[in-house]
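The values are calculated or read from the model by the stated rules, or taken from the named source; none is laboratory data. As the structure is a prediction and not an experimental result, all values here were calculated from the model. Neighbour counts are summed over all protein chains in view; Cβ atoms, including those assigned to glycine, are modelled from backbone coordinates with ideal geometry. Keep in mind that these areas ignore ligands, DNA and RNA; they rest on the heavy atoms of the full protein, side chains included. Shrake-Rupley method; radii C 1.70, N 1.55, O 1.52, S 1.80 Å.
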Amino acid sequence: MRENSANSVLLVDDDPSMRELLSSRLEAAGFEARQAEDGIDGLVKLRDELPEVIISDIQMPRMSGIEFVSVVRHRFPSIPVIILSGSSPVELPTQAEPDAWFEKGSLQIRELLQALHDLVQNKSDRTDVPQVVRTPVRTPPCGPGQFVLTCPDCLRRFQV
């Protein structure tokens with residue numbers, strides 16, 4: 001089973017300059033920052049090591065931040081999530097609600113760092129939530145010779 005790495009943060013953003021900027025600031029503040037370029041890459045990174053906190057953008061190619069956070073909330077409900085977005089907060093589905101939301105244009109690094117510290121300290125409040133929720137692969141028939149596979153990582157369904 002994967003263990004959480006102490007003080008680790010997974011940054012999920014399709015903008016490399018934003019990832020680099022945040023990584024350098026987080027590392028200067030004592031966090032270990034890992035980077036992912038979109039939601040799919042973020043899920044791949046979660047296979048290796050679970051972070052203490054995830055910081056994700058909303059607008060990304062391949063898998064949006066909303067879909068990514070929904071999968072994280074389903075599979076890893078005890079990992080806190082911070083959303084960084086270029087736009088003001090939109091109404092999100094309940095399964096994708098973050099623990100904190102910051103706008104990129106008005107981002108104050110000290111506020112982000114304070115939110116990170118608070119989320120790491122308050123993570124012990126989530127001890128009743130299972131660390132990892134396994135999703136079984138289901139193969140319901142959907143026609144002659146066809147069935148649907150659910151990816152256990154991204155929870156997307158594929159007709160085969």
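A few remarks follow.
- Computed over protein heavy atoms with a 1.4 Å probe, the accessible surface of the range 1-81 works out to 39 Å² per residue.
- Counting every alpha-carbon pair across the range 1-102, the share separated by more than 17 Å comes to 46%.
- Computed E for E27/T94 - FRET, C-beta separation, R0 25 angstrom, nearest 0.05: 0.15
- Phi angles across the range 13-22 convert, under the Karplus curve 6.51 cos²θ - 1.76 cosθ + 1.60 with θ = phi - 60°, into 3J(HN,Hα) values of 7, 7, 9, x, 5, 5, 4, 5, 4, 5 Hz, Gly and Pro given as x.
- In order along the range 33-44, the phi-based Karplus estimate (6.51 cos²θ - 1.76 cosθ + 1.60, θ = phi - 60°) of 3J(HN,Hα) comes to 9, 10, 10, 9, 8, 6, x, 4, 4, x, 5, 4 Hz; Gly and Pro are listed as x.
- Accessible heavy-atom area order of M63, M18, highest first, probe of 1.4 Å: M18, M63
- Given their separation in residues at 0.36 nm each and the Cα-Cα distance between them, N122 and D15 gain 35.6 nm when the chain is fully extended.
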